[in-house]
1. Looking at segment 78-95 only, could you name the residues that are more than 19 Å from Glu47 (Cα to Cα) and aliphatic (A, V, I, L, M)?
2. Kindly provide the set of residues from segment 224-243 that are buried (at least 16 other Cβ atoms within 10 Å of the Cβ) and either in contact with a Phe, Trp or Tyr (Cβ under 8 Å, 6 or more places away or on another chain) or of a type in the set (A, V, I, L, M, F, W, C) (or both), ordered by number.
3. State whether the residues of segment 155-177 include one that is without any contact (Cβ under 8 Å) to a residue 60 or more places away in the chain and under 15 Å from the mean Cα position of the chain (by Cα).
4. Given the criteria surrounded by 17 or more Cβ atoms within 10 Å (Cβ to Cβ), more than 16 Å from Leu68 (Cα to Cα) and among the β-branched types (Val, Ile, Thr), does Val200 qualify?
5. All but one of (1) more than 19 Å from Tyr186 (Cα to Cα); (2) surrounded by 24 or more Cβ atoms within 10 Å (Cβ to Cβ); (3) out of contact with any Leu (no Cβ under 7 Å at 6 or more places or on another chain) hold for Ala6, so report the exception by its number.
Amino acid sequence: MSQPIAVIDSGVGGLTVVQEIIRQIPREEIVYFGDTARCPYGPRSREEVRNFSLQLIHFLEQFNPKMLVIACNTATAVILEELRESYSIPVIGVIHPGVRAAIKVTLSGRIGVIGTIGTIQSSLYEEALKQVHPGLYITSLACPAFVPLVEQGKLDHEEAFDIVCEALKPLEKENIDTLILGCTHYPLLAPIIQDVMGDVKLISSADETAREVSTILFHKNQLSKDFCRPVHRFFASGKKEVFQKIAEEWLRIPIKVEHVEF
């Protein structure tokens, strides 16, 4: 029996990473837990984020995963290093892959970062960007209203455009050419964000994160050799219906969501 890749997120946002994993390495089986009942993680304390993340991970341990992906920027900022020290399997976050992608595409060296309150307050994106390229100009902005929009499935509503437009106003005069979507929920709002930001290049860490997953599994000789179609499993702590609707629209495959209450 092949070992799956375990993916955790505060809600549906990590599905953007799952979509890329399925696209890049389609033989891999995925077990996913979205903590939709306690989403968003951004305004919560570090201790809450740590405890909630560990609950999700401990639940997914029953599937004996070969890799763990923390598909939540806030959780990555809080718990990634601790998990890497305590787990024998590879543990991947979403911050450094996004940083690499942004540095690759920026022409002016002026990069914006949007994320949850917790991610922006951690300054991890700014530190990681400056570590690679000290000469970059970085401006960061918390957008706490975005995650509830996504979790409620209000992706095409006029209300969503108005909220995004108002939230991004502080970036108008920053003259950035690249914007990191520092929350895995935000790519689900990418068409609206792009409309508001105009020519700015949007960076989602999903593509780079999936590439890192593939590279590590290849080097460890752990890529699945199973030719059968993988059976993915999805778990949610909140209501299944909204999660399932968003997941099926985003992944374009029929899925079954199982409810788990903590």
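The values are calculated or read from the model by the stated rules, or taken from the named source; none is laboratory data. Since we're looking at a predicted model, the values are computed, not measured. Reconstructed Cβ throughout: ideal geometry from the backbone, glycine too, with neighbour counts over all protein chains shown.
1. Ile89, Val91, Ile92, Val94, Ile95
2. His232, Arg233, Phe234, Phe235, Ala236, Ser237, Val242, Phe243
3. No.
4. Considered against the rule, which asks whether it is surrounded by 17 or more Cβ atoms within 10 Å (Cβ to Cβ), more than 16 Å from Leu68 (Cα to Cα) and among the β-branched types (Val, Ile, Thr), Val200 comes out as yes.
5. Looking at each condition in turn, Ala6 falls short on (3).
Conditions (1) closer than 21 Å to Lys256 by Cα; (2) touching a helix residue (DSSP H, G or I) at 6+ places or on another chain (Cβ under 8 Å); (3) assigned by TED's automatic domain parsing to the domain that holds Ser224; (4) at pLDDT 95 or above, marked per residue:
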site: Asn51; (1), (2), (3), (4): no, no, yes, yes
site: Glu61; (1), (2), (3), (4): yes, no, yes, yes
site: Asn73; (1), (2), (3), (4): no, yes, yes, no
site: Arg84; (1), (2), (3), (4): no, no, yes, yes
